[in-house]
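Reviewing the structure listed below.
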Amino acid sequence: MKHIKNTLYILTPETYLCLQNENILVKVGGEEKVRVPALGLEAVYCFGNVTVSTPLIAFCGERGISLCFFSEHGRFYGRIQGPVHGNVLLRRMQYSAMEDPMCRTRLAKNILLGKLTASKTFLQRMRREHLNCADAADIAIQRITEISASAREAFTVDSLRGLEGAAASAYFGVMPALIGSSELSFSGRNRRPPEDPVNALLSFLYTLLKNDVQSALEGVGLDPAVGFLHALRPGRPALALDLMEEMRAPLCDRMAIALINRGQINLKDFTQTTAPVYLNENGRKTVISAWQQRKQETIRHPFLEETIPIGLIAHTQAMLFARVIRGELDEYPPFFWR
């Protein structure tokens, strides 16, 4: 079983990263702040104005450590990755599966059903923890149950996308009742840019999850750009967006609600309260700390029947998807959260 590795997050502006004896030196204003052993690192996430030396870029490429760059507000810029992992035969089978309408629809259906199941499980948990949302949650759960039945009978990817949109509308309709904060309200999902603090928090968490899933796909040799449910677009990691769907609610949405309701995130953690709204440096530090702690927790994988760190779910699902593409499994088994 793959071991979970660490991610180094650089949040301080004007930081310079360089290499010394297989250690990453973090300097601010020419002063060394910390040195981090490269051994055990999976990725380095750089937010804002961060400079990386060429020797360090070469070293990370050779060691399979991805360098990811974001704006100071968490908008993804790009990533530097070393040589492609895996073999060309797996990717050729992936492209063939995507071009086969029946195969593509079957895989997209399994992905969507995984997301719908995760959404229902999340709402059922929230219904028990937030009695004030019981009626709204019951309505949404019933609606998602109906959509799941329709999805099982769907014959095209386009129809599955329409059902996904309807389910998202029902799901996010419950979110306002789950947020107990009087200063952080939520009226619906929006992005590009986020129009309120809650959407800014959700977008940041989704970005972290997307990059974890993309790294997992590259690690098993799949092409993250070739998805089955999400439409293909230049520069879009469609398969990463596909596989993260079943993880959004239990990992990102649950964390967002918990951080707000526990008072760990409040208005002072955002740049402003009107669009565009982003987490500030302190807010990002709080979220990343909670994110890393959550990834260290363990959970029983329902298909593999093994106890694994939550941070390895993306890897195990990527591995299972690769087995489906190779024909070793008949159906893709989404991660069913309990």
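Accessible area of residue 171 (1.4 Å probe, protein heavy atoms only, ligands and nucleic acids ignored): about 10 Å². Each principal axis of the range 233-300 carries a Cα extent, and these read 36, 35, 17 Å when sorted largest first. Under 5 Å from the amide H of residue 329 lie the amide H atoms of 324, each residue being 5 or more positions distant or on a separate chain, with H modelled from the backbone and absent for Pro and chain starts. The GluC sites (Glu not before Pro) of the range 116-193 that DSSP puts in a loop, and whose beta carbon has at most 14 other beta carbons within 10 Å, are 183.
Students often get this wrong: which residues of the range 111-130 have the backbone nitrogen under 17 Å from the point 7 angstrom along Cα-to-C-beta of residue 149? Residues 113, 116-117, 120 fall inside that zone.
Residues considered: 268, 109, 285. Largest GNM mean-square fluctuation over the chain, using C-alpha springs under 10 Å, is found at 268.
Converting phi to 3J(HN,Hα) with the Karplus coefficients 6.51, -1.76 and 1.60 and the offset θ = phi - 60°, the range 90-99 yields 5, 5, 5, 5, 5, 5, 5, 5, 5, 7 Hz in sequence order, with x at every glycine or proline. Per residue of the chain, the DSSP helices (runs of n ≥ 4 H) give a summed -39500 (n - 2.57) that works out to -15500 deg cm²/dmol at 222 nm. Residue separation of residue 271 and residue 233 scaled by 0.36 nm, minus their Cα-Cα distance, works out to 10.6 nm of gained length.
Please label the shape of the range 1-157 as rounded, prolate or oblate, based on the square roots a ≥ b ≥ c of the eigenvalues of the alpha-carbon gyration tensor (a/c under 1.5 means rounded; beyond that, a/b larger than b/c means prolate, else oblate). Taking the square roots of the gyration eigenvalues as a ≥ b ≥ c, the range 1-157 is oblate. Could you work out what % of the accessible surface of the chain is carbon and sulfur, using a 1.4 angstrom probe and leaving DNA, RNA and ligands out of the count? Here it works out to 51 percent. Mean-square fluctuations from a GNM of the chain, with a 10 angstrom spring cutoff on Cα atoms, peak among 284, 300, 161 at 300. In the range 261-337, the C-alpha radius of gyration followed by the widest Cα-Cα span (Dmax) gives 18.0, 51 angstrom.
Past the 21 angstrom mark, what percentage of all C-alpha to C-alpha distances in the range 71-226 do you count?
Numbers: 7213 of 12090 pairs.
That tail contains 60 percent of the Cα-Cα pairs.
The Rg/Rh ratio for the range 179-338, using Cα coordinates for both the radius of gyration and the Kirkwood hydrodynamic radius, is 1.00. Annotation: the antiparallel percentage among DSSP beta bridges lying fully within the chain is about 60. Over the range 1-94, accessible surface divided per residue gives 55 Å², non-protein components excluded, 1.4 Å probe. Can you tell me the equivalent ellipsoid semi-axes for the chain? Use √(5λ) from the Cα gyration tensor, largest first, whole Å. Square roots of five times the eigenvalues give 32, 28, 17 Å.
Pairs over the 31 Å Cα-Cα cut-off, from the set 33/268; 33/115; 115/295; 120/210: 33/115. Between 192, 294, 143, the GNM of the chain built on Cα springs shorter than 10 angstrom shows 192 fluctuating the most.
Excluding ligands, DNA and RNA, the accessible surface per residue across the range 212-259 is 24 Å² with a 1.4 Å probe. Under 5 Å between amide hydrogens, built in the peptide plane, is the criterion, and for residue 306 it picks out 301 among residues at least 5 positions away or on other chains.
Divide the volume of the convex hull around the Cα atoms of the range 27-93 by the residue count and you get 119 Å³ per residue.
The values are calculated or read from the model by the stated rules, or taken from the named source; none is laboratory data. Keep in mind that this is a model prediction, so the values were computed, not measured. For neighbour counting, all protein chains shown are included, and Cβ atoms are generated from backbone atoms with ideal geometry for every residue, glycine included. All accessible areas refer to the heavy atoms of the entire protein, side chains included, with ligands and DNA or RNA removed. Shrake-Rupley method; radii C 1.70, N 1.55, O 1.52, S 1.80 Å.
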